[in-house]
Amino acid sequence: MMSLSSPPSAPPPPGTVERWAWDYVLSTDLAHKLEPPPVPSVWEPAPAPLRRLARPGRPAELRISERALKSPGPEALRNPARRAQLFHAFLHHELQAAELMAWALLAFPETPRAFRGGLVRIALDEARHMRLYAAYLAAIGHRFGDFPVRDWFWSRVPAAASPAQFVAVMGMGLEGGNLDHTARFAERFRAIGDAEGAALTERVRAEEIPHVRFGVRWFRRFTQAPGDASPQAQGSASPQAQGDFETWVRHIPPPLSPLLMRGDPMNRRDRSRSGLSEPFLDALASWTERAPGS
């Protein structure tokens, strides 16, 4: 099996879904990132080779920084420039999410086509969110590229060595955390009279719920023992069926931890709507960093 540091193989054949994903990740054209071309209907003939792209293409308009700008507080958001900074960060998070969905399609070619097709649909959702955020920025006199960006997701998510780890990190982890963050910021935008910003953030929050649900569903499937026909494996409402918390923690590659995937306050309503059980959410809410070996 190819190691995580091995160079990728040759590009997929033109006109395939895999080549669409390859081109999206590596493109240095901002317009391509914001509005990718239509997805082909043809998949690469099986078995497709494993491809793990090390890094994305970055448009010249984006200035990459090793350090993130400090997130503005509730009162600072009254300043349009500080609001623009925050929405700019939101947009870049969506870009990384879209790219990493395409990355996973290439990195895990052995997964069911239904899973890989779902990754494509989520990538397109994230690109649409990017365009919504870009339109908001334009309305307040800014554009994508006005602030430095940090490829934080890219520095960590590709450590996922299996599809179960990928959905644990992206679907249940980072996108689950985004349900918390978007709910919190929507309240802050509404409090300062930014109805448009609040509505946009709430729209993205609502559309992220199916993304988390996708991650929960496939995490269960990828971690289910072969031949397990128990009620839990078939999708009952038990805590195990909803995604065992300890199993999830074991599938998060270090140095990531549940603390990085939990907002304050935690948006339990939408996390529950995404398929996470109350026992799972209780465990997440009470989780604290543990000493090595504990």
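Need the failing condition index for residue 224 against (1) open to solvent by 10 Å² or more (accessible area, probe 1.4 Å); (2) at pLDDT below 95; (3) under 17 Å from residue 274 (Cα atoms), just the number.
The number of the failed condition is (3).
Among the listed residues 30, 26, which satisfies the condition of being touching a Phe, Trp or Tyr at 6+ places or on another chain (Cβ under 8 Å), at pLDDT 95 or above and over 19 Å from residue 118 (Cα atoms)?
30
Search segment 270-281 for residues being open to solvent by less than 80 Å² (accessible area, probe 1.4 Å) and without any contact (Cβ under 8 Å) to a residue 60 or more places away in the chain, and hand back the single one that is farthest from residue 172 (Cα to Cα).
That would be 279.
For residues that are basic (Lys, Arg) and under 16 Å from residue 181 (Cα atoms), tally how many sit in segment 60-119.
Residues flagged as basic (Lys, Arg) and under 16 Å from residue 181 (Cα atoms) within segment 60-119 amount to 2.
Using beta carbons and a limit of 6 Å, which pairs, at least six apart or on different chains, have the first residue in segment 145-165 and farther than 22 Å from residue 113 by Cβ and the second one open to solvent by 40 Å² or more (accessible area, probe 1.4 Å)?
Qualifying pairs under 6 Å: 145/61; 148/63; 150/68.
Out of the residues in segment 42-89 that are assigned to a helix (DSSP H, G or I) and open to solvent by 20 Å² or more (accessible area, probe 1.4 Å), which is nearest to residue 130 (Cα to Cα)?
Looking at residues that are assigned to a helix (DSSP H, G or I) and open to solvent by 20 Å² or more (accessible area, probe 1.4 Å), I get 89.
Does segment 119-131 include one or more residues that are without any contact (Cβ under 8 Å) to a residue 60 or more places away in the chain, part of a loop (DSSP other than H, G, I, E, B) and not hydroxyl-bearing (Ser, Thr, Tyr)?
no
For residue 150, all conditions in the list (1) touching a Lys or Arg at 6+ places or on another chain (Cβ under 8 Å); (2) among the charged types (D, E, K, R); (3) within 18 Å of residue 200 (Cβ to Cβ) hold save one; what is the number of the exception?
Result: residue 150 fails condition (3) only.
I want to confirm something. Restricting to segment 132-154 and keeping residues that are open to solvent by 40 Å² or more (accessible area, probe 1.4 Å) and in a helix (DSSP H, G or I), which single residue is nearest to residue 261 (Cα to Cα)?
For segment 132-154, the residue satisfying everything is 132.
Could you check segment 155-182 and list, in sequence order, the residues that are open to solvent by 30 Å² or more (accessible area, probe 1.4 Å), within 19 Å of residue 93 (Cα to Cα) and either touching an Asp or Glu at 6+ places or on another chain (Cβ under 9 Å) or part of a helix (DSSP H, G or I) (or both)?
159, 178, 181
The values are calculated or read from the model by the stated rules, or taken from the named source; none is laboratory data. None of these values were measured; they are calculated from a predicted model. In this analysis, Cβ positions are derived from the backbone assuming ideal geometry, glycine residues included, and neighbour counts consider all displayed protein chains. Only protein heavy atoms, including side chains, enter the accessible area calculation; ligands, DNA and RNA are left aside. Shrake-Rupley method; radii C 1.70, N 1.55, O 1.52, S 1.80 Å.
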